[in-house]
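J.: Can you keep this structure in mind? I'll have questions shortly.
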Amino acid sequence: MKHIISPSILAADFANLGAEIEKINASQAEWIHLDIMDGVFVPNISFGFPVIRHIRKYTEKILDAHLMIVNPDNYIEQFGDAGIGYLTVHYEACTHLHRTLQKIHSCGMKAGVAINPHTPVNLLSEIIQDADLILIMSVNPGFSGQKFISNTYGKVAQTKELLRQKNANAIIEVDGGIDLTNAPRLYELGAGALVAGNTIFMSNDPINTIYQLKCE
């Protein structure tokens, strides 16, 4: 399985955003991760469509947007128009999750479902065949730089088994506290994509760090 790295732009230096994106462009990272927060679903606010359009202008990498917001259905079409490749919504934020995934697909994007650290994997059993990506949060969402929750290993393995049982093909993505010490085991358990922020952007050599995180 190919190992995908999705650098989280939230950890970048926004005063030099163009230069930060150029580092990603020059690396082996396949995606760029966008953390969209509304200050309601999570206790933080990040950025919106003007920044997304700016990023889209300077990269051909796939944009991997993670919506930590309430009422995500209200904005799906705008994310499609902004050039998002993968749009991930939270299980905990969607009353009619199947309908939300259908709408994401109708707007030309791949659809992802994220679950918080306290949310059991088995709650995804009825929709996992409709998702292109399952995002396992390995920290509590809302802030970068948190410590990796070790229970995530078991959740990745459970998700891999659920995919097998349902004959589904979603990519398992893990987000939060990812570094060179936990990446190999996450891949071994079934993760296909890893989100990393501080590990990459606080590195003295982000391009080489991305290469090492791929573990290929």
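The values are calculated or read from the model by the stated rules, or taken from the named source; none is laboratory data. Computed from a prediction, not measured in an experiment: that's the story for all the values here. Positions of Cβ are generated from backbone atoms using ideal geometry, with glycine treated the same way; all protein chains shown enter the neighbour counts.
J.: Take the residues in region 165-177 that are out of contact with any helix residue (DSSP H, G or I) (no Cβ under 7 Å at 6 or more places or on another chain) and under 18 Å from Asn140 (Cα atoms); name whichever of them is surrounded by the fewest Cβ atoms within 10 Å (Cβ to Cβ).
T.: The selected residue is Gly177.
J.: Scan region 142-161 and give yes if some residue there is out of contact with any Gly (no Cβ under 6 Å at 6 or more places or on another chain) and closer than 25 Å to Asn74 by Cα, otherwise no.
T.: Yes.
J.: Turning to a different aspect of this structure: Kindly check whether there is at least one residue in region 105-116 that is among the hydroxyl-bearing types (Ser, Thr, Tyr), modelled with pLDDT of 95 or more, more than 19 Å from Trp31 (Cα to Cα) and not in a helix (DSSP H, G or I). Working first, answer last.
T.: Of region 105-116, the ones among the hydroxyl-bearing types (Ser, Thr, Tyr) are 106.
Now narrow it down to the ones that are modelled with pLDDT of 95 or more: 106.
With the extra rule that they be more than 19 Å from Trp31 (Cα to Cα), the set shrinks to 106.
From the residues that got through so far, the ones that are not in a helix (DSSP H, G or I) too are none.
Checked region 105-116: no residue is among the hydroxyl-bearing types (Ser, Thr, Tyr), modelled with pLDDT of 95 or more, more than 19 Å from Trp31 (Cα to Cα) and not in a helix (DSSP H, G or I).
J.: Out of the residues in region 127-164 meeting the condition of being charged (D, E, K, R) and without any contact (Cβ under 8 Å) to a residue 12 or more places away in the chain, tell me which one is surrounded by the fewest Cβ atoms within 10 Å (Cβ to Cβ). Let's see the steps before the verdict.
T.: Narrowing region 127-164 to residues charged (D, E, K, R): 130, 132, 147, 155, 160-161, 164.
Keeping just the survivors that are without any contact (Cβ under 8 Å) to a residue 12 or more places away in the chain gives 161, 164.
Values: Glu161: 12, Arg164: 10.
Selected residue: Arg164.
J.: Does Glu188 satisfy the criteria of being among the acidic types (Asp, Glu) and over 15 Å from the mean Cα position of the chain (by Cα)? Reasoning before the result, please.
T.: Numbers: among the acidic types (Asp, Glu): yes; over 15 Å from the mean Cα position of the chain (by Cα): yes.
Yes; evaluated as a whole, the condition is true for this residue.
J.: Something else about it: Kindly indicate which of Leu186, Leu180 is surrounded by 18 or more Cβ atoms within 10 Å (Cβ to Cβ), of a type outside the set (Val, Ile, Thr) and either within 27 Å of Ser27 (Cβ to Cβ) or in contact (Cβ under 8 Å) with a residue 24 or more places away in the chain (or both).
T.: Numbers: Leu180 fails: surrounded by 18 or more Cβ atoms within 10 Å (Cβ to Cβ).
It is Leu186.
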